[in-house]
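Before I ask anything, here is the structure I am working with.
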Amino acid sequence: MPSAADLLEIQRLIDLYGHILDERQFDRVGELFTDDALYDVADFGSGVHRGAAAIGQLWAAPEAKHPLGHHATNTIITEGPDGVVRVVSKGMGVRANGTVSSVLYRDVVVRTPAGWRICERIATPRRREPDPKPPATRDGRGSLSLPARMIPVPTSISLEAQQALAAPRFAAPVRWPPPDDKAAWRRVVLERDAAIGSLYDAQPAFSGTIRARSVGSLRVFDLVPDEIPAEQRNRAVLYLHGGGFVMGGGDLAAKAAQSMSARMGIQAAALDYRMPPDHPFPAAVEDVVACYRDLLTRHAPGKIAVVGVSAGGGLAAAGILKARDLGMPLPGAAVLLTPEVDLTESGDTFETNQDIDVILVRRLTETIQLYANGHDLRDPYLSPLFGDFQRGFPPSLLISGTRDLFLSNTVRLHRALRKAGMKADLHVFEAMPHGGFFNAPEDAESAEEQRRFIDAVLAG
């Protein structure tokens, strides 16, 4: 058995050559690595590595030192009947992806006239299963490429909201007809309106009266709840439905406003604004201005709240800007629910929430093309995000969710209003997709925020 001095010499030898694997991998046999160039064992398999002569030459060099100090751990040294010493030790290696892996060394050490020498080494990296979540990659412009991954339904929301994400009751189409095929557009709109109508039919019946009337060539639905609190009797809501600028018209415009009108006990004028394929921009914006002008004959501007959802939220903001530019007084409040206010759709969440939003899965590229009808998409009456808010805008409430494709729209509009010195409140709900969960507790919270905001602002 080697003496204590021999054991120290052998341990020193193993430590010194802890990083030497295969002389075929290096420019010269037995090359030592420095601190910032640890060996890579990513593609290194088990094998026997021989090179006693070269290793001996390196060991003999007086300047040869282990750059990282002690390397081998848990060393076991045994001597066979043939006088050959066998050493088992554990070292560490760094893989190409930056992860650290342990390596098991089995060395055969012999005594020579020059001292103890390694004549054979077997190095076995610890086997690892492939990483189930490979890292994202970044190109030269900083764009990320993400590996496939699972996005679970979060447990941080109500059970009703979880069910809405797991089995959505409605989703906007991801394919649309060609822009010049009006008949095909009418068919798609008819089909989608039927789906939208089924959602509204699940709501409680409206307790009040709904009456259609004409404002010029427009159709407006007046919703009057049976019970109107005294403080609400001189107030009104101009309600603008959503639907990607093409859906949700006709009687659905009135159904869209029923919940808010009943909940708040406030009169609402639900506008059935004109839409493509027959009436592209600027028809809808002109209709909003005309309806608002009509409301001004019945209510003081400070007692009117303009409320819009999705495309209707964009039309609400655009109509307010247009009315202001025409010299009309501003309404008392604006409630913009996940508004489509940037028809260039350049915000961050158009990428990050694509396919994660279970309602609005993709951009509205086709409906925007049909609606804009060749106009500059940065026109403030098309994309009010690019409007001049320093000239005035009413106090605004903006609501979105973390899974909403239009979250960036909502956040950016809020920042634009705040930068202009306007009063604007922003509420973002956990995991909420475009338009809400449809009758989850979170929707009731959102509705209560809207009620409180309108009550507070129109009371002034």
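The values are calculated or read from the model by the stated rules, or taken from the named source; none is laboratory data. Just so we're clear, the structure is a prediction, and the values are computed from it rather than from any experiment. Don't worry about glycine lacking a Cβ; one is built from the backbone with ideal geometry, like all the others, and counts go over all protein chains shown.
On the given criteria, is Ala440 closer than 27 Å to Thr155 by Cα and surrounded by 15 or more Cβ atoms within 10 Å (Cβ to Cβ)? Spell out the reasoning first.
Details: closer than 27 Å to Thr155 by Cα: yes; surrounded by 15 or more Cβ atoms within 10 Å (Cβ to Cβ): yes.
Against the criterion (closer than 27 Å to Thr155 by Cα and surrounded by 15 or more Cβ atoms within 10 Å (Cβ to Cβ)), Ala440 qualifies.
Return the pair list, or none, for Cβ contacts closer than 7 Å from residues in the stretch 352-374 that are farther than 17 Å from Ala284 by Cβ to residues that are of a type in the set (D, E, K, R), at least 6 apart or on different chains.
These pairs meet every condition: Asn353/Arg403; Asn353/Asp404; Gln354/Arg362; Ile356/Arg403; Asp357/Arg403; Asp357/Asp404; Val361/Asp355; Arg363/Glu345.
In addition: Could you grab me the full set of residues in the stretch 221-238 that are under 13 Å from Leu295 (Cα atoms) and assigned to a loop (DSSP other than H, G, I, E, B)?
Passing the criteria: Asn234, Arg235.
Out of (1) assigned to a strand (DSSP E or B); (2) at pLDDT below 90, what's the single condition that is false for Arg213?
Exception for Arg213: condition (2).
If you take the residues in the stretch 217-271 that are aliphatic (A, V, I, L, M) and surrounded by fewer than 19 Cβ atoms within 10 Å (Cβ to Cβ), which one is farthest from the chain's Cα centre (by Cα)?
Of all residues in the stretch 217-271, those aliphatic (A, V, I, L, M) come to 218, 220, 223-224, 228, 230, 236-238, 240, 246-247, 252-254, 256-257, 260, 262, 264, 266, 268-271.
Next cut, surrounded by fewer than 19 Cβ atoms within 10 Å (Cβ to Cβ) only: 218, 224, 228, 230.
Details: Leu218: 39, Val224: 39, Ile228: 40, Ala230: 43 Å.
Per the criteria, the residue is Ala230.
What are the pairs, 6+ residues apart or on separate chains, where a residue within the stretch 272-285 that is more than 18 Å from Ala254 (Cα to Cα) has its Cβ under 7 Å from a residue that is of a type in the set (Ser, Thr, Tyr)?
Filtered contacts from the stretch 272-285: Pro276/Tyr371; Pro280/Tyr371; Phe281/Tyr371; Pro282/Tyr381; Val285/Tyr381.
I've got another one for you. Can Ala323 be described as within 12 Å of Tyr239 (Cα to Cα), buried (at least 22 other Cβ atoms within 10 Å of the Cβ) and not basic (Lys, Arg)?
Details: within 12 Å of Tyr239 (Cα to Cα): no; buried (at least 22 other Cβ atoms within 10 Å of the Cβ): yes; not basic (Lys, Arg): yes.
It is false that Ala323 is within 12 Å of Tyr239 (Cα to Cα), buried (at least 22 other Cβ atoms within 10 Å of the Cβ) and not basic (Lys, Arg).
Matching residues to (1) touching a strand residue (DSSP E or B) at 6+ places or on another chain (Cβ under 6 Å); (2) assigned by TED's automatic domain parsing to the domain that holds Trp176; (3) closer than 23 Å to Gly435 by Cα:
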site	(1), (2), (3)
Leu271	yes, yes, yes
Arg274	no, yes, yes
Pro282	no, yes, no
Val285	no, yes, yes
Lys303	no, yes, no
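In the stretch 401-460, how many are closer than 27 Å to Leu321 by Cβ, more than 21 Å from the chain's Cα centre (by Cα), in a loop (DSSP other than H, G, I, E, B) and among the small types (Gly, Ala, Ser)?
Within the stretch 401-460, residues that are closer than 27 Å to Leu321 by Cβ, more than 21 Å from the chain's Cα centre (by Cα), in a loop (DSSP other than H, G, I, E, B) and among the small types (Gly, Ala, Ser) number 4.
Of the residues that sit in the stretch 360-381 and are closer than 24 Å to Val428 by Cα and hydrophobic (A, V, I, L, M, F, W, C), which one is farthest from the chain's Cα centre (by Cα)?
Leu364
Quick one: would you say Phe386 is among the aromatic types (Phe, Trp, Tyr) and buried (at least 22 other Cβ atoms within 10 Å of the Cβ)?
no
Follow-up question, since we're still on this one. Considering only the stretch 126-159, how many residues are at pLDDT 80 or above and out of contact with any helix residue (DSSP H, G or I) (no Cβ under 6 Å at 6 or more places or on another chain)?
First, pick out the residues of the stretch 126-159 that are at pLDDT 80 or above: 135-159.
Add one more test, that the residue is out of contact with any helix residue (DSSP H, G or I) (no Cβ under 6 Å at 6 or more places or on another chain), and what stays is 135-152, 154-157, 159.
Result for the stretch 126-159: 23.
For Arg169, are the conditions met, namely being of a type in the set (Lys, Arg), closer than 30 Å to Gln369 by Cβ, out of contact with any Lys or Arg (no Cβ under 6 Å at 6 or more places or on another chain) and part of a helix (DSSP H, G or I)? Lay out the reasoning, then the answer.
Numbers: of a type in the set (Lys, Arg): yes; closer than 30 Å to Gln369 by Cβ: yes; out of contact with any Lys or Arg (no Cβ under 6 Å at 6 or more places or on another chain): yes; part of a helix (DSSP H, G or I): no.
For Arg169, the condition - of a type in the set (Lys, Arg), closer than 30 Å to Gln369 by Cβ, out of contact with any Lys or Arg (no Cβ under 6 Å at 6 or more places or on another chain) and part of a helix (DSSP H, G or I) - is not met.
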